[in-house]
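Trainee: This structure is in structure tokens; I'll ask about it shortly.
The values are calculated or read from the model by the stated rules, or taken from the named source; none is laboratory data. Remember, predicted model here, so these are calculated numbers, not experimental data. Cβ placement follows ideal geometry from the backbone for every residue including glycine, while neighbour counts extend to all protein chains displayed.
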Amino acid sequence: MNQINNQRTSLPHHRLAVYGKSLELLAAVRAAQVRDAKLRDEALRAAKGTCLNIADGAGRVTRADKARAYAIARGKCVECVAAVEIAGSAGDASADAVAAVTQLGNEVYLMLGGLVG
């Protein structure tokens, strides 16, 4: 969220720590340089989906709408981590990259748990 913190904004997702953490997750997935093109695409799509669904939830008004978007973000987060883990198991990503993505994914998942409940 480095670029966002330097700008004044009224957008609700910019006030959520979990949004910043999800951007870190996206960066970690990119840095993982998954060699399998399909798994790389899947991991990146899921990481982007995590970010987008968090932003969507932040912009919603009712609790039910927010919870639905955050629940979808949690699912995308798990999908993202799983894709990188599978790439690691298949020899298409380093163990360090898998560990970094898994750690960030766990943090995002736990943070979203507080928003869904």
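Trainee: Considering only the range 46-55, how many residues are under 18 Å from residue 117 (Cβ atoms) and without any contact (Cβ under 8 Å) to a residue 40 or more places away in the chain?
Mentor: 1
Trainee: If residue 7 satisfies all but one of (1) modelled with pLDDT under 95; (2) in a helix (DSSP H, G or I); (3) not basic (Lys, Arg), what's the number of the condition it fails?
Mentor: Of the numbered conditions (1) modelled with pLDDT under 95; (2) in a helix (DSSP H, G or I); (3) not basic (Lys, Arg), the odd one out for residue 7 is (2).
Trainee: While we're on this one: Out of 78, 84, 61, I need the residue that is without any contact (Cβ under 8 Å) to a residue 12 or more places away in the chain, out of contact with any Cys (no Cβ under 6 Å at 6 or more places or on another chain) and among the hydrophobic types (A, V, I, L, M, F, W, C). Which one?
Mentor: 61
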